[in-house]
Structure formats: C-alpha cells, structure tokens
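Below is one structure, written out as structure tokens, with a few remarks after it.
The values are calculated or read from the model by the stated rules, or taken from the named source; none is laboratory data. Here the structure is a predicted model, which means the values were calculated and not measured. All Cβ positions, even for glycine, are placed from backbone atoms using ideal geometry, and neighbour counts span all protein chains on display. Accessible surface is based on the protein model in full, side chains and every heavy atom, while ligands, DNA and RNA are left aside. Shrake-Rupley method; radii C 1.70, N 1.55, O 1.52, S 1.80 Å.
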Amino acid sequence: MNDLAEATGHVVVPLTLGLLTANPLSGSVYGPEADSSELAGLCESIASQGILVPLVVSPGPQGDYEIISGHRRWMSAQRLGLAEVPCEVRRYPSRLALERAVLEYNRYRRKTFSQMMREADLLERWEKPAARSRRLGNLKGETRPQPPETPADASSSTDRRNSDDRTGRTDFRVAQAIGIGGKDLYRQARAIWVAAGQGDERARHAVRGLDAQTKTIHSAYKDLRRRTRFTTGFRPTPYDVWAFRHDPAYGVPHPGSIPPGIVAHLLHYYTEPAALVVDPMAGGGTTLDVCAAMGRRCLAYDLSPVRDDVHKHDVRIGFPPESSECDLIFCDPPYFSMLSHAYAGGAADVSTDTLAGWLAFLDQFARAAHATLKPGGVLALLLANQTEKDLPRGFGYLDHAFYGLSALLRAGFLPERRVSCPMSGGYQPQQVQKARAEGRLLGLVRDLLIVRKPVLPQPVHPDFSRWTGP
Ligand SMILES: C[S@@+](CC[C@H](N)C(=O)[O-])C[C@H]1O[C@@H](n2cnc3c(N)ncnc32)[C@H](O)[C@@H]1O
C-alpha cells in the first residue's frame, strides 16, 4: 500500500502512523503543535468524523514520510490509537522547496507574533540570494530575475502577488508572506524581534505581550524608540524638583515603577559614562533600561525578580560582592505597609515588617550601602512620607524621608542634595473630599535623598549619633 502511495504522486492513500515523521522546521517555527485542550477537541472530532482533510507528506530516503502539513491530525491519530491516516504524497524538487511548502501550508493558520517572526527569519534567509540578484539587476537596469529554486506549488502565490515594482523589496515580500501587513509595520516588528533576540528585556516583554495579543506592534515599537530620549537631545532640568511622568518605554510593568527621568537625572548629575550603578530593589527594571540608554553599567537585584536581567537577592543580607566599589546606588524601597500586598507575590519583603523592623532595616541598609560604594560614590534613596491614607490604624504620619536621612548620616554619608519628586498619579475625588472633611493633608511628593560617601572617613554627625527613632 505504501509503495502505491509513492508511485501515485498526489493521490490520497492511507499510510500507517509509524511511517510518518514530524517535520523539524515546523517544530522550530511554530513550537509545540497544540496545547492539550486544542488536541482534545481535534481528537473528539476525528473520533466521530474521521480525518476529513488528508495529511500532506513527502517520501523520505528510508521509506518514511515527512509530514508537510497535518502535525496536529497526526498527533490526534496517535492519541486515538489509529493504525493509519489518509495522506496526500507529494514530492519536492529540493529541501528548500519542501521547507517553503511547510510555511505555505501554514499561511492561513492563526499565528502568534513569535511564530510569524520565526517564519520571517526563514523567509529573509531564503530571499537573500534573490534580493542580491535583484539589486544587481537594478544596478544594471535589467528586468528583475525570479528567485532561484522556487517550487511551483509552494511559493508561486507569493511571487504572483509580488510582481509590481514595490515588491522587489525583501521586506515587502516577507511582510506579505507572513501576513503581517505592510513593509513599514514589518520593519517595526523586525526591530522589536531583533532587540528581543539580542536580550533586550523590554523588547522580550513586548514580544510576550504581542504573542498574548495585549500589545500592538506599533505601540511596542514606539516604546522601544522612545528610549533614545536620554541618549539624543537630553536636556536636564537644572531645578531640584524632578516632576517626570511614567514612561512605558523604560522598565517592564510593575506596581512600583518610577518615572525614568528620575534615574536619568541622577545618572546625568552624579555619574560618568560606563560608571557602575547598582539597584538592589529593581522592581520592573527602570534603572536597568535607563542605564542601558545612557551607557552606564548596571547590576539590578530584587527579592522577586520579574525579568531575567534582575537577579534574585535579598538586600537585608547586604549587597552581593560583585557590586562592591560601585559608583552609584539607587534604591526605591517599598516601606512600612505601603503596597506590601502588591510586591513579591505577597512574600515577606521589607514593607511587611513592623515599624521597628523597617527602621532597623534603614540603618542596616545605610551601613551596607556605605560599605559597598567606592569612596566618593553616591547613594540615592527615594522615599515618600506616609499619611493615614496608607497606614494601619493608629499611625498618623510617618516622615520616612527624615528617618532615611537620619540613618544615612548615622552610617557616615554626607548630604549632597534633597530633590522633590512629585508623584505622577493624583488622588481620587473621594479621597480629597475625605481629607478636607477630616482636615488632613495628602502627600503629593517623594523625597530623593542624595548622599555621598566621603573620600576620607568623617566622624559621625553628632546630632544623629544618639538618635534612636520615634
Ligand atoms: C517600589 S518597587 C521598585 C520599583 C522600581 N524602581 C521600578 O521602577 O520598577 C520595590 C521593590 O523592592 C523589592 N523588595 C522588597 N523587599 C526586598 C528585599 N528585602 N530585597 C530586595 N528587594 C526587595 C520588591 O519586590 C519591589 O519589586
């Protein structure tokens, strides 16, 4: 029966399952063929209706048949314990023609962004020789040659569509073939894909969003592009109020993410290019992304990392050895009860500690940062005071900036600047009304405490040596 299949070319014949092999390209471009719920549905349909559309296979050298189209049907048949499946046997003039056919059979399936871009990687590779000869032809004023090795049954539809002048461009042809839209959108998609391939965390996050269809290519691209803001035409503010807005181009979404302008200004005023910056509570990695944009090295840590370039570390045990002698430490901690539910998947972080625990942490942190920084290095600690709005009952107001600065001075730092960083989000009208009625003041700013480790050891400031907290 199988000999008959080989002999008959395109006719449909039943083939035993054991003779069929998966196509490696299909696995590498489209990933695992189906999740179990998808397969369960297909199994149910095959069990009641049989396989209505035959698989397409190509005869291999060992008497086996490589699947060109129908991996899911094949897997379902295996699950159902079928002995054979209907197959259309096709021969291809070359390996390239066979692989083009695999992509062509998947042209109209619903694909994720990653699947489309993996297709694009292949198509770009295949298009290269044709593009080179087109370019040469254009230079010589010749009519455009056809791409070599184009199997009639695999890519003819693409070639027919691409016969006008504009379609000589590889990006246009690839955009058409993967069904992503025009060449401009494809170029944006490629920029994101390439950046993600180079390990850019923000781009990798964008790819995950594109795969899950929670982001558009255009908005992800805009985010990537905006990152040049701090490299070209950066105009620092010369005032000690840093009122910047959040910018999704920096850091991956995180409940505590800060406006990147705060980090950019710190780097601008307090570091040189290639300086080593450490963020021990990095959250969504705003510091990492701004450092990358401004050419600073950055080590980022968090108790609960949300991206691969943030390393897991609990700063309560001190700073990791590789951060020693760094030029700048930036820290944006969660504090006493604030947002404790939002971070670390509920893990016991510094915000879940008691007030005494939090104050002890500030002292321990200040001493560890002092030991880690190089002499002359700078520590910037971002703290917001807390009002009744986010405090447990019984606490009226906590002046964290005061506690923080006190701890820093006790550890031997010298004050450098204190910068006001207004919050970008405001208060709800109900909260404002309630505050008015109760005669309370709502906080709108955070304090960025900037201190320097003296080059020569200094005596501890006398006013703070005996200070024990409230
Ligand atoms: C305010 S968020 C930082 C947000 C960050 N600046 C950004 O732009 O995304 C504070 C972070 O500190 C982390 N954290 C809390 N306790 C920690 C600890 N003991 N060691 C390290 N990280 C901790 C939390 O997981 C959280 O991600």
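Here are a few things to note about the model shown:
- Among the residues making up region 250-269, those that are under 22 Å from A196 (Cα atoms) and either in the same structural domain as S219 (by TED's automatic domain parsing) or buried (at least 21 other Cβ atoms within 10 Å of the Cβ) (or both) are Y250, G251, V252, P260.
- Members of region 267-290 found to be away from the ligand (no atom under 12 Å from the Cβ) and assigned to a helix (DSSP H, G or I), listed by number: L267, H268, Y269, Y270
- Flag if A206 is among the small types (G, A, S), open to solvent by 40 Å² or more (accessible area, probe 1.4 Å), more than 26 Å from E127 (Cα to Cα) and away from the ligand (no atom under 16 Å from the Cβ): no
- Region 422-460: number of residues that are open to solvent by 80 Å² or more (accessible area, probe 1.4 Å) and at pLDDT below 80: 5
- With respect to the stated conditions, D200 is open to solvent by 30 Å² or more (accessible area, probe 1.4 Å), within 11 Å of the chain's Cα centre (by Cα) and at negative phi.
- Contact annotation: residue pairs with Cβ atoms under 6 Å, 6 or more positions apart or on different chains, pairing a residue in region 80-98 that is in contact (Cβ under 8 Å) with a residue 60 or more places away in the chain with a partner that is in a strand (DSSP E or B) and open to solvent by 30 Å² or more (accessible area, probe 1.4 Å), are E84/P14; E84/T16; P86/V12; P86/P14; E88/V12.
- Residue in region 299-312 that is part of a loop (DSSP other than H, G, I, E, B), surrounded by fewer than 22 Cβ atoms within 10 Å (Cβ to Cβ), under 22 Å from the mean Cα position of the chain (by Cα) and more than 14 Å from the ligand (Cβ to nearest atom) present: yes
- Cross-chain or 6+ apart pairs with Cβ under 7 Å, region 351-378 first and among the β-branched types (V, I, T), then outside any helix (DSSP H, G or I) and open to solvent by 40 Å² or more (accessible area, probe 1.4 Å): T372/S324; V378/E416; V378/R452
Residues are listed down the side, and each one gets a yes or a no for (1) free of Cβ contacts under 8 Å to residues at least 24 places away in the same chain; (2) within 25 Å of A212 (Cα to Cα); (3) touching a Leu at 6+ places or on another chain (Cβ under 7 Å):
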residue: D64; (1), (2), (3): no, no, yes
residue: G70; (1), (2), (3): yes, yes, yes
residue: Q78; (1), (2), (3): no, no, yes
residue: E124; (1), (2), (3): no, yes, no
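- Selection from region 54-69 of residues that are under 34 Å from the mean Cα position of the chain (by Cα) and open to solvent by 10 Å² or more (accessible area, probe 1.4 Å): S69
- Hits in region 313-334 - residues which are more than 9 Å from the ligand (Cβ to nearest atom) and open to solvent by less than 50 Å² (accessible area, probe 1.4 Å): G318, F319, P320, S323, C326, D327, L328, I329
- Selection status of V290, buried (at least 20 other Cβ atoms within 10 Å of the Cβ) and either touching a Ser or Thr at 6+ places or on another chain (Cβ under 6 Å) or aliphatic (A, V, I, L, M) (or both): yes
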